[in-house]
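A short worksheet on the structure shown next.
The values are calculated or read from the model by the stated rules, or taken from the named source; none is laboratory data. No experiment lies behind these values; they were computed from the predicted model shown. Glycine also receives a Cβ, built like all others from the backbone with ideal geometry; neighbour counts cover every protein chain displayed. Note: accessible area is taken over every heavy atom of the protein model, side chains too, but ligands, DNA and RNA are not part of it. Shrake-Rupley method; radii C 1.70, N 1.55, O 1.52, S 1.80 Å.
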Amino acid sequence: MKQIKKSIVAVMSSLVWFGSLALVLGASASASAREYVFTPEKTDEMRALLGGGCLKPGDRVVMKDGVYNLGDLDFFAEGTRSDSISLCAENPGKAVVSGPLRFRIYGTYLKVDGLFFNKAWASGFSMIEFRKDKGENATHCRLSNCVIDDCNDPDKSEAPAPKGQMPMSVAEYWVGLYGSNHRVDHCYFANKRIGGLVIQLWLDEDSHINNHQIDHNLFGFRKPYGGNGAEIIRVGHSWSSQLESHAIIENNVFLHCDGENEIISVKSCNNVLRRNLFFESRGALVCRHGHYNVVEGNTFVGNDIKGTCGVRIINQGHTVYDNLMCRLQGWGLLVRVGIHDRPTPDTDLEKEPLTTFHRAENVDIAYNHFIDCRAMEFGSGKGEKMPRNVRFAYNNIFGPQSNISLFRPDETLPGFYFLGNSYGFTDKGTIELEGFHPAQPTVDYAAIERERVLSSLSGTGAAWYGPNIRDLSYIQSKYMEL
Ligand code: CA
């Protein structure tokens with residue numbers, strides 16, 4: 001990066017002598033932008049250009065059709081808001097990246113577009129990462145219209161970690177977001193079999209507010225891993241969980257994401273997760289650590305498949321609003337008890353580690369719809385920190401399979417405030433709660449589900465990729481008879 005800055009300084013100082021010319025050049029930066037075209041035979045030259053710091057705002061590096069073994073690839077450059085620098089496939093999907101890969105994206109306003117990562121794998125910790133090195137992070141970069149499918153290190157065991165062994169030891173991360181203001185959009189991800197995240201958002205202690213946006217992606221099949229560490233997206237990490245993150249995860253589709261019981265694991269504060277579709281995926285959206293997250297307008301369709309779940313809540317200040325849960329065989333909602341209270345600056349983290357479960361408190365769960373979900377769990381799990389000030393209001397719970405389970409009611413009930421909830425099922429007799437009244441649905445939930453699901457499909461993922469089209473058609477086919 002130093003090299004780039006130096007050359008910019010050199011250019012700027014030479015332009016001082018030609019002040020009027022500099023203005024003209026500045027106004028037409030993109031007009032002077034260049035396009036560089038490479039074939040797989042010219043990989044070394046492409047690598048030298050991308051990592052050499054000579055690319056200018058507006059430049060495009062185009063990969064022609066073929067299979068590329070890139071090894072270590074650095075895309076280091078400084079684009080601008082109006083003129084990003086892009087690395088793209090001449091024909092989306094026809095430039096295939098395979099083999100061991102460590103792809104580092106570092107700089108500003110860089111875009112990777114239309115690449116097909118197939119039978120590639122991470123030669124280091126992550127296959128693609130948005131940084132140069134520790135503390136040297138990218139900003140405003142974008143991974144768009146790409147596919148990562150079946151990228152698993154052939155030398156790593158696909159079996160789950162032996163009991164007692166950290167599953168991280170066989171982890172391989174696909175995309176590691178560092179820095180801020182990145183966007184991952186219109187991509188397709190599927191067939192990750194080794195442990196590790198599909199997308200991990202890493203929060204730096206001193207620059208943790210990231211504003212990343214993950215939208216309109218299709219996350220396809222991930223087979224059951226058999227243990228922890230096979231989430232699709234994780235936002236933060238235990239050690240960074242008390243920091244503000246401000247990521248937005250919206251309008252994505254998760255189909256058959258069966259890696260483990262957490263599909264999205266939120267481990268930081270102030271994130272927004274909205275309008276995502278979780279379809280026949282055996283896991284949940286989990287607010288695992290951190291506070292003040294908004295979970296809004298998501299749709300979960302389980303079709304009575306074992307392990308399909310909705311939203312799990314612990315910690316403080318979350319808003320869970322207008323989500324639709326349909327036929328979840330696990331639970332639609334779970335509010336867990338805590339083991340410790342939220343840490344303060346005085347907390348001894350040796351005794352109360354950040355990996356613990358913190359008390360659910362000041363949570364607002366309202367206007368959600370639970371349609372024929374097998375369970376709602378209030379106060380389950382181990383621990384003595386009972387939920388406090390959890391408002392569950394104006395929710396609708398219908399369908400013959402529905403059930404509400406209140407665990408240790410004498411202890412947990414005072415922490416919940418139930419208000420104006422409608423239910424239409426035969427209570428299994430476990431509870432008779434204030435704040436619930438029997439009712440009939442006032443809207444056509446089948447039509448609402450159909451409308452929500454079908455609108456989630458339009459324009460999602462990488463439109464050029466066959467399995468992407470097939471997956472969307474699969475979901476669509478479930479609503480054809482209506
Ligand atoms: Ca997990």
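Can you report the principal axis dimensions of the range 168-212 using only the alpha carbons, biggest first, rounded to whole angstrom?
Answer, in whole Å and largest first: 32, 29, 8 Å.
Rounded to two decimal places and with Rh computed the Kirkwood way over Cα pairs, what is Rg over Rh for the range 211-367? Don't skip to the end; give the middle numbers.
On the way: Rg = 14.8 Å, Rh = 15.5 Å.
We get a ratio of 0.96 for the range 211-367.
Under the Kirkwood approximation for Rh and a Cα-based Rg, what ratio Rg/Rh is obtained for the range 287-395?
Working: Rg = 14.4 Å, Rh = 14.2 Å.
Taking Rh as the inverse mean 1/r over Cα pairs, Rg/Rh reads 1.01.
Given N residues in the range 375-479, what is its alpha carbon radius of gyration divided by 2.2 N^0.38 Å? Don't jump to the answer; show the numbers that get you there.
Numbers: Rg = 19.0 Å, N = 105, 2.2 N^0.38 = 12.9 Å.
Dividing the Cα radius of gyration by 2.2 N^0.38 Å gives 1.48.
Treat every Asp and Glu Cβ in the chain as -1 and every Lys and Arg Cβ as +1, leave all other atoms uncharged, and give the resulting dipole magnitude about the Cα centre to the nearest 20 debye. Write out the running numbers ahead of the final one.
Details: 50 positive and 56 negative charges, 131 e Å.
Using Cβ point charges on Lys, Arg, Asp and Glu, the chain gives about 620 debye.
Toward the positive end of the charge dipole of the chain, about the Cα centre and with charges on Cβ (Lys, Arg +1; Asp, Glu -1), which of Phe279, Leu177, Phe398 goes farthest?
The Cα lying farthest towards the positive end belongs to Leu177.
What whole-number value in Å² describes the accessible area per residue of the chain for a 1.4 Å probe? Don't skip to the answer; put the middle values down first.
Details: 20250 Å² over 482 residues.
For the chain, the solvent-accessible area averages 42 Å² per residue.
Quote to one decimal, in nm, the extra length available between Thr319 and Asp206 on full extension: 0.36 nm per residue of separation minus the C-alpha distance between them.
Numbers: separation 113, 0.36 × 113 = 40.68 nm, distance 2.63 nm.
Result for the pair: 38.0 nm of gain on full extension.
Mind checking the full-extension length gain between Ala439 and Arg34? Use 0.36 nm per residue of separation minus the Cα-Cα distance, one decimal, nm. Walk me through the numbers before you get to the answer.
Numbers: separation 405, 0.36 × 405 = 145.80 nm, distance 6.54 nm.
That pair, Ala439 and Arg34, stretches by 139.3 nm at full extension.
In whole percent, and with a 1.4 Å probe on the protein chains, what portion of the accessible area of the range 47-117 is carbon and sulfur?
Working: 1240 of 2480 Å².
The value for the range 47-117 is 50 percent carbon and sulfur by accessible area.
Based on the alpha-carbon gyration tensor of the range 84-239, what equivalent-ellipsoid semi-axes (square roots of 5 times the eigenvalues) come out, in whole Å, largest first? The partial results should precede the final answer.
Details: eigenvalues 112, 77, 35 Å².
Rounded to whole Å, the semi-axes are 24, 20, 13.
Relative to the first principal axis of the alpha-carbon coordinates of the chain, what is the inclination of helix 466-477, with its axis defined by its Cα atoms, in degrees from 0 to 90 and to the nearest 10?
Long axis of 466-477 versus the principal axis of the chain: about 20 degrees.
May I ask for the distance between the Cα centers of the range 213-244 and the range 329-387, given as a whole number of Å?
Here the answer is 19 Å between Cα centres.
Sort 118-127, 104-113, 437-446 by packing, meaning the average of other beta carbons within 10 Å per residue, with the highest value first.
Working: 118-127: 19.4, 104-113: 22.2, 437-446: 11.1.
Top of the packing list down: 104-113, 118-127, 437-446.
Quick one: go through the range 293-328 and flag any residue whose amide nitrogen is under 12 Å from the point 7 Å out along the Cα-to-Cβ line of Asn362.
293, 316-319
Please work out the FRET efficiency for the pair Trp239 and Asp83, using the Cβ-Cβ distance as r and a Förster radius of 25 Å; give the result to the nearest 0.05. Don't skip to the end; give the middle numbers.
On the way: r = 37 Å, r/R0 = 1.49.
E(calc), rounded to 0.05, equals 0.10.
Holding the Cα-Cα limit at 24 Å, pick out from Lys134/Lys267; Lys132/Lys223; Lys94/Lys192; Lys267/Lys382; Lys267/Lys351; Lys64/Lys134 the pairs that are longer than that. Walk me through the intermediate numbers first.
Numbers: Lys134/Lys267 20 Å; Lys132/Lys223 32 Å; Lys94/Lys192 21 Å; Lys267/Lys382 20 Å; Lys267/Lys351 20 Å; Lys64/Lys134 32 Å.
Long pairs (Cα-Cα over 24 Å): Lys132/Lys223; Lys64/Lys134.
In whole Å, what are the extents of the range 419-469 along the principal axes defined by its C-alpha atoms, from largest to smallest?
Projected onto the principal axes, the Cα atoms of the range 419-469 cover 53, 23, 19 Å.
When ranked by the protection proxy of mean other Cβ atoms within 10 Å per residue, highest first, what sequence do the peptides 356-362, 464-470 form? Mind dumping the intermediate values first?
On the way: 356-362: 21.3, 464-470: 16.7.
Sorting 356-362, 464-470 by mean packing, highest first, produces 356-362, 464-470.
Treating cross-link reach as a plain straight distance, find the aspartates and glutamates whose alpha-carbon is under 12 Å from the alpha-carbon of Lys56, omitting any fewer than eight places away in the same chain.
Glu35, Glu78, Asp83
Could you give the angle, 0 to 90 degrees to the nearest 10, between helix 2-16's Cα long axis and the longest principal axis of the Cα atoms of the chain?
60 degrees
Of all alpha-carbon pairs in the chain, indicate the percentage at a distance above 33 angstrom. Mind dumping the intermediate values first?
Details: 48043 of 115921 pairs.
Taking all Cα-Cα pairs of the chain, the fraction more than 33 Å apart is 41 percent.
How much net charge surrounds Ser456 when only other residues with a Cβ under 15 Å from its Cβ are counted (Lys, Arg +1; Asp, Glu -1)?
Working: positive: Arg274, Arg275, Arg450, Arg452, Lys478; negative: Asp185, Asp215, Glu250, Glu280, Glu296, Asp322, Glu449, Glu451, Asp471.
Net charge around Ser456: -4.
Just subtract the alpha-carbon distance of Leu454 and Ala48 from 0.36 nm times their residue separation and send over the number in nm, one decimal.
Working: separation 406, 0.36 × 406 = 146.16 nm, distance 4.48 nm.
Stretched out fully, the Leu454 to Ala48 stretch lengthens by 141.7 nm.
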